[in-house]
Amino acid sequence: MQAVALLAAVSAAPDAPYADLALAGVRKIMDVLDPRTRTKADELASRVWVNAPPAPRAIKSALEEAMAEQRVVRIRYTSGDGSKTTRDVEPVMFGSTNGHWYLIGWCRLRSDMRWFLVSRIEHASATKIACSGHDIDEIGIPPATARPVNGQGE
């Protein structure tokens, strides 16, 4: 029941980058299962519940587009102390830790690599401005338990 495992994984992380596209892919897999397997998969899937609110689609779309196209994204961000700023960020990677998703990128306002909690981004829009070439090496060494989603490095 690998399709159910995939369905559970993407349903449990609706705020993850590209999660809605992954969910659509899993649903297509479910749609082509033979009737017996589909019935069994649906029954099993009904026994897995998640309680995870989705991130606003407009924000996710802008962040995903900026990352894929390597364009600057303009965000309206609320920091931990409640102050609000508008920042232009060159997206370098998405990261998840402790159940939260982050946009990690070069903040042009602070001239530094910064981690932005996606749930604190109130608005985002991809610009036409190309990123200047910052890369993952500037972020630092990942924790020993971190891994890319492509499974390499495991």
| message | How many angstrom lie between the Cα centre of region 1-44 and the Cα centre of region 90-154? | response | 27
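How much accessible area per residue does region 24-99 have, counting only protein heavy atoms and a probe of 1.4 Å, in square angstrom?
Using a 1.4 Å probe on heavy atoms only, each residue of region 24-99 averages 64 Å².
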| query | Tell me, what is the 1.4 Å probe accessible area of Tyr77, in Å² to the nearest 10? | reply | 20
| field | Neighbour count of at most 11 Cβ within 10 Å plus DSSP loop: longest trypsin sites (Lys or Arg not before Pro)-free window in the chain | value | 48-109
| request: Treat each spin label as a single point 7 Å out from the Cα along the C-beta direction, and report the Ser83 to Glu69 distance in nm. | output: 3.1
| message | Within region 1-133, how many Lys pairs that are eight or more residues apart, or on different chains, come under 24 Å at the alpha-carbon? | response | 5
| So how much slack lies between Arg76 and Ala24, counting 0.36 nm per residue of separation and subtracting their Cα-Cα distance, in nm? | 15.8 nm
| said: Quick check: from the Cα gyration tensor, does region 46-154 come out rounded (a/c under 1.5), prolate or oblate? | reply: oblate
| field | Heavy-atom accessible surface of the chain: percent carbon and sulfur, 1.4 Å | value | 55
| Can you give the extra length, in nm with one decimal, that the chain gains between Ser132 and Lys40 once fully stretched, where that is 0.36 nm per residue apart less the Cα-Cα distance? | 28.1 nm
| said: With +1 assigned to the C-beta of every Lys and Arg and -1 to the C-beta of every Asp and Glu, and no other charges, what is the dipole magnitude of the chain about the Cα centre in debye, to the nearest 20? | reply: 380
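The values are calculated or read from the model by the stated rules, or taken from the named source; none is laboratory data. Note that this is a predicted model, so its numbers are computed, not measured. Reconstructed Cβ throughout: ideal geometry from the backbone, glycine too, with neighbour counts over all protein chains shown. Note: areas computed on protein heavy atoms with side chains; ligands, DNA, RNA excluded. Shrake-Rupley method; radii C 1.70, N 1.55, O 1.52, S 1.80 Å.
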